[in-house]
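Since every read-out is calculated from the coordinates, none of them should be taken as a lab result. Here the structure is a predicted model, which is why all the values come from computation and not from measurement. Please note: Cβ atoms are built from the backbone with ideal geometry, for glycine as well, and neighbour counts cover all protein chains shown.
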Amino acid sequence: MSKTSDKIIKAIKDKGQSLEGEMSFFDHLEALRWHLIRSALAIVVFTIGVFIYYDWIYDHIIMAPSNSNFWTFRMMCDLGQFLHRDMCPSKINIQLINTEMAGQFTLQIDSSLMIGLVLGIPYLLYELWRFIKPALHEKERKAASGFVFYASVLFLSGVMFGYYIITPISLNFLAGYTVSASIQNLFSIDSYISSVSTLTLATGIVFELPILIYILANLGIATPKFMRETRRYAIVIILIIAAVVTPTPDMLTMTVVAIPLLLLYELSIGVAAAVERRKRKKAEEADAS
């Protein structure tokens, strides 16, 4: 009888621990849900703000890279004078059309949401950090304390680089490229918005490479030795990416795009080396104790 009662008590305890674990999981899921809700609300607020001031944003931000007086083109002219080359772009001939009844209305909503998402990314990263932070040890918290700041700076730097460098250069080339004089370039507004948003957001994501390497280095997947040994392959890949995102035959333009990506790769090697040094120091302290 006592053995039977012991088994029952043990089963009850095991079930209690199982329920406690399940409640803990659902508690974490609930916490994550609220972090995501707050992030979504922040993005909605930014989106509404963009929607309200859309006329100014459309003229001075969205369409600005297609204007020959854009900051990038002025800098290209100054650089051309310094190098004694004609680098000033001619008038960018972009004629936009709308082919759908509700096209302009959906354009305003979609582009407002896209800009709101870009502006809300730093707050989204902050909410994710608040969710992850309680699960970290004190040393891990200190090591990753600047995650939100550095990830936000890298992302926004990538967005600015894509907006001010890659987007205007690509638009200038693609708008004037023709296979035959009999074909007239008329671009849909959706195509224009898609090109601008893809180039800027993709560059912002690429600039997160040091953060990705930091995570992989902590997991032991990426090491500075491996990254140094594969540097030559990385250079080739970066040059290919630069050639794809800047579809111009000008080597100078491709170099301007490739240099920041190469610097990002070198910075990532430094990040991986710093993680390796910290791991080695922690191991030495553990052996000494």
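Within the listed set Glu276, Glu229, Glu208, the residue fluctuating most in the Gaussian network model of the chain (springs between alpha-carbon atoms under 10 angstrom) is Glu229. Taking the square roots of 5 times each eigenvalue of the Cα gyration tensor of segment 89-157, largest first, gives ellipsoid semi-axes of 41, 17, 6 Å. Restricted to Cα atoms, segment 208-284 shows a radius of gyration and a Dmax of 14.7, 53 angstrom.
Taking the chain as the region of interest, the number of lysine pairs whose Cα atoms are within less than 15 Å, with members eight or more places apart or on different chains, is 8. When peptides 131-137, 163-169, 190-196 are ranked by their average number of other Cβ atoms within 10 Å per residue, the highest-first order is 163-169, 190-196, 131-137. Based on C-alpha pairs under 8 angstrom that are at least 6 apart in sequence, segment 208-284 has a relative contact order of 50 percent. Between Ala42, Ala242, Ala144, where does the largest GNM mean-square fluctuation fall for the chain, given springs only between Cα atoms within less than 10 Å? Taking springs between Cα atoms under 10 Å, the residue moving most is Ala144.
The order of the peptides 232-238, 255-261 by mean Cβ neighbours within 10 Å, most packed first, is 255-261, 232-238.
Shape class of the chain from the Cα gyration tensor (axes a ≥ b ≥ c, square roots of the eigenvalues): oblate, since a/c reaches 1.5 or more and a/b does not exceed b/c.
Over the C-alpha trace of segment 40-188, radius of gyration and Dmax come out as 20.4, 67 angstrom. Taking the helices alone, the chain has a mean residue ellipticity at 222 nm of -25500 deg cm²/dmol, built from -39,500 (n - 2.57) per DSSP H run of at least 4 residues and averaged over all its residues. Convex hull volume of the Cα atoms of segment 130-236, normalised per residue: 144 Å³.
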